[in-house]
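S.K.: Below: one structure in structure tokens.
The values are calculated or read from the model by the stated rules, or taken from the named source; none is laboratory data. If you're wondering where the values come from, they're calculated on a predicted model, not measured in any experiment. In this analysis, Cβ positions are derived from the backbone assuming ideal geometry, glycine residues included, and neighbour counts consider all displayed protein chains. The area values use the complete protein model at the heavy-atom level, side chains included, leaving out ligands, DNA and RNA. Shrake-Rupley method; radii C 1.70, N 1.55, O 1.52, S 1.80 Å.
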Amino acid sequence: MKLIKIFSDGQFKNVKFNEGYNVVLATIHDKENKKDTHNLGKTSLLVVIDFLLLSTFTKKSPILANPIFSTQTFFLELLLNSGKYLIIRRSLEKPSRISFKLNDVPLGDCEIPTEWDQENVAFEEAKDMLNTYLGYDVLTNWSYRKSISYFLRSQKDYLDVFQLNKFKGKHINWKPFVFDLLGFDGSLVEKKLQCDDEIEIKKQRL
């Protein structure tokens, strides 16, 4: 999978990714009023990418922190391993309804499809569809959403190499995945953590 471009029907600045390595560079133009490179939109781009790759949406979702996004519909074009191009449509007004379009050739600049192969698909079904489109075969026991979090890290996610900021809950929700990712048998860790839980329950009963 490769990101090709992100665009919207609103004020979001369209982003086209280059071949090879890409760098998001924040530059200060108004040096009188802005002294550092914080809050210039780098993390917002990350949030939009995550949103278009079907992150869970709630009233506390990071994308809502920027009011400029509130009425926009976003589009992401991906180059799949199959060589085809997939366009994903998701809006802030109806974030639980996702549309997909599969093309043999890339879209023109900011071209919006007029017809969709799958339109307004319910959120959970859309995640399954995207998992199929991506052909994610590295860790077949896990959804693409589990691993993609490690590639879309916020600043807080770099405080620990393996435990992301979003994985604050039980270890069983993320440690087996990390073991699988590192080439070990994650099911062994899962069984061990399940035993730990059973021991705690029996201790409480005693």
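S.K.: Go through segment 92-106 and give me each residue that's part of a strand (DSSP E or B), of a type in the set (S, T, N, Q) and open to solvent by 20 Å² or more (accessible area, probe 1.4 Å).
M.R.: Asn103
S.K.: Consider Lys101 carefully, then state whether it is modelled with pLDDT under 95, within 19 Å of the chain's Cα centre (by Cα) and under 27 Å from Leu64 (Cβ atoms).
M.R.: no
S.K.: Going through segment 24-64 one residue at a time, which ones are β-branched (Val, Ile, Thr), modelled with pLDDT of 80 or more and touching a Lys or Arg at 6+ places or on another chain (Cβ under 7 Å)?
M.R.: Val24, the sole residue that qualifies.
S.K.: Does Lys84 satisfy being open to solvent by 40 Å² or more (accessible area, probe 1.4 Å) and either hydrophobic (A, V, I, L, M, F, W, C) or touching a strand residue (DSSP E or B) at 6+ places or on another chain (Cβ under 7 Å) (or both)?
M.R.: yes
S.K.: Just give me the residues in segment 57-75 being part of a loop (DSSP other than H, G, I, E, B) and under 15 Å from the mean Cα position of the chain (by Cα), in sequence order. Let's see the steps before the verdict.
M.R.: Keep residues of segment 57-75 that are part of a loop (DSSP other than H, G, I, E, B), which gives 57-61, 66, 70-72.
Hits for segment 57-75 are Phe57, Thr58, Ser61.
S.K.: Let me ask something else. Check segment 158-169 and report whether any residue there is open to solvent by 40 Å² or more (accessible area, probe 1.4 Å) and in contact (Cβ under 8 Å) with a residue 40 or more places away in the chain.
M.R.: Scanning segment 158-169, I find no residue that is open to solvent by 40 Å² or more (accessible area, probe 1.4 Å) and in contact (Cβ under 8 Å) with a residue 40 or more places away in the chain, so the answer is no.
S.K.: Please identify the pairs in which a residue from segment 189-206 that is modelled with pLDDT of 95 or more has its Cβ atom under 6 Å from the Cβ atom of a residue that is open to solvent by 90 Å² or more (accessible area, probe 1.4 Å) and in a helix (DSSP H, G or I), counting only partners at least 6 apart or on another chain.
M.R.: none
S.K.: If you don't mind, there's one more thing I want to ask. Search segment 173-192 for residues being crowded, with 16+ Cβ neighbours inside 10 Å and aliphatic (A, V, I, L, M), and hand back the single one that is farthest from Asn141 (Cα to Cα).
M.R.: Once the filter is applied, the top-ranked residue is Val189.
S.K.: Test of understanding: among Leu134, Leu78, Leu152, which residue is modelled with pLDDT of 95 or more and under 29 Å from Leu181 (Cβ atoms)?
M.R.: Going through Leu134, Leu78, Leu152 in turn, just one is modelled with pLDDT of 95 or more and under 29 Å from Leu181 (Cβ atoms): Leu78.
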